[in-house]
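Report on one structure; see the data block that follows.
The values are calculated or read from the model by the stated rules, or taken from the named source; none is laboratory data. Bear in mind the structure is a predicted one, so any value in this text is a computation, not a measurement. FYI the Cβ positions are ideal-geometry reconstructions off the backbone, even for glycines, and counts take in every protein chain you see.
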Amino acid sequence: MFTQRGLPLDNIIGFASDGCNVVMGPHNSLASRLHSELPGIQIFKCICHSMHLCANEACKKPTTTLCGFSKKRLSPEEAVRHSNRENFPSMLPLTQKSRRIVKTENDLQKIDDEWRLLPDVNKFSTLDIGTWRTHEFWENIQTSWMFALDVLCLPYSNADCEKIFSQVNNMKTRMRNKLVTSTVNKTLLARQLIQNQGNCTYEV
């Protein structure tokens, strides 16, 4: 399916879904096939489908999981904070689990060196880091920027897809079961535009 739609398999670094057996089961599931075809891919069961307490417990182990080392730790404020190095002195535990993102030993070491030196970089110490967007900050880091942005875009949840499913179910009811896909798609886009900018007009 990916190749038919022109999506290079090398670009796939992560996948998230609910925990149904056909998707996440150990034998002949989508997840097992992805592991077989794409060694090192990060696969997550959607935390929105898991018990709230289980999700909280999982996030208490930040140094050994990609999920724990997430947006908070990679935010500009946390990245340049000296106190952050007490809990996260090295990037290696994270990068070694992300070999589809960091593929060479040389890059592993470069990313770790940059992480250790970040709090002492003069360029960042004299600026108001709080005003920086996360992607703008990491784009200034020579080797780490692509790694950080890849980790930040990993699909920890498929909640966005579930929201769309709910909107479609509210729209395509028994009374309106003949709505075609293109009409549903345009209605969803119009709804999104109204939410974002107050109207559904846009410049071509």
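Which of the residues spanning segment 122-156 are at pLDDT 70 or above and assigned to a loop (DSSP other than H, G, I, E, B)?
Within segment 122-156, TRP132, ARG133, GLU139, ASN140, ILE141, GLN142, THR143, CYS153, LEU154, PRO155 meet the criteria.
In segment 79-101, which residue that is basic (Lys, Arg) and within 22 Å of the chain's Cα centre (by Cα) is farthest from PHE147 (Cα to Cα)?
In this case the residue turns out to be LYS97.
Every residue, every condition in (1) more than 28 Å from SER17 (Cα to Cα); (2) in contact with a strand residue (DSSP E or B) (Cβ under 6 Å, 6 or more places away or on another chain); (3) at pLDDT 85 or above; (4) not polar (S, T, N, Q), yes or no:
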site: PHE88; (1), (2), (3), (4): yes, no, no, yes
site: ASP160; (1), (2), (3), (4): no, no, no, yes
site: VAL184; (1), (2), (3), (4): no, no, yes, yes
site: CYS200; (1), (2), (3), (4): yes, no, no, yes
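With segment 28-80 as the region, which helices (runs of 4 or more DSSP H) entirely inside it contain at least 3 residues that are modelled with pLDDT under 85 and either closer than 17 Å to ILE13 by Cα or touching a helix residue (DSSP H, G or I) at 6+ places or on another chain (Cβ under 7 Å) (or both)?
Passing ranges, in order: 76-79.
For segment 1-43, how many residues are of a type in the set (A, V, I, L, M), more than 20 Å from the chain's Cα centre (by Cα) and within 24 Å of ILE101 (Cα to Cα)?
The total comes to 1.
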